[in-house]
Amino acid sequence: MGKKHESAQEEQFTDTKNKAGHLNSKALEIVMVANYGYLPGKVNFSCRIARCARDRDPPVNIIESLKAVADLDTTDLVQRLG
């Protein structure tokens with residue numbers, strides 16, 4: 001996931017679009033960018049299906065993928081991330 005500090009939401013959308021088109025991996029499905037400068041005190045996220053994943057069968061479902069990640073056990077997340 002990329003991390004941006006921009007004051008315009010358009011920058012976040014463009015950045016996510018660019019990353020979604022240039023990254024390539026068999027495991028990559030979704031590109032997400034966090035923008036912590038658009039609204040004070042908030043972090044906004046933008047995500048897209050990566051270009052390399054657009055023709056997958058079954059198709060990538062961003063909403064279902066995010067729900068699956070939200071349901072993961074995160075009790076040791078800090079230790080796994082370092």
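The values are calculated or read from the model by the stated rules, or taken from the named source; none is laboratory data. In this text, all values refer to a predicted model and were calculated from it rather than measured experimentally. Here Cβ is always computed from backbone atoms with ideal geometry, including for glycine, and neighbour counts include all displayed protein chains.
Remarks
- Candidates in the stretch 26-35 are the residues that are assigned to a loop (DSSP other than H, G, I, E, B) and either of a type in the set (Phe, Trp, Tyr) or out of contact with any Cys (no Cβ under 7 Å at 6 or more places or on another chain) (or both); of these, the one that is nearest to PRO59 (Cα to Cα) is GLU29.
- Count of the stretch 36-82 residues which are of a type in the set (S, T, N, Q), under 23 Å from SER25 (Cβ atoms) and not in a helix (DSSP H, G or I): 2
- Just one of the listed residues (ILE30, ILE49) is hydrophobic (A, V, I, L, M, F, W, C), in contact with an Asp or Glu (Cβ under 9 Å, 6 or more places away or on another chain) and either at pLDDT below 80 or surrounded by 14 or more Cβ atoms within 10 Å (Cβ to Cβ) (or both), and it is ILE49.
Conditions tested, residue by residue: (1) within 18 Å of LEU23 (Cα to Cα); (2) under 13 Å from the mean Cα position of the chain (by Cα).
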{"residue": "TYR38", "(1), (2)": "no, no"}
{"residue": "ILE49", "(1), (2)": "yes, yes"}
{"residue": "ARG54", "(1), (2)": "yes, no"}
{"residue": "ILE62", "(1), (2)": "yes, yes"}
{"residue": "ASP71", "(1), (2)": "no, no"}
{"residue": "THR75", "(1), (2)": "no, no"}
{"residue": "LEU81", "(1), (2)": "no, no"}
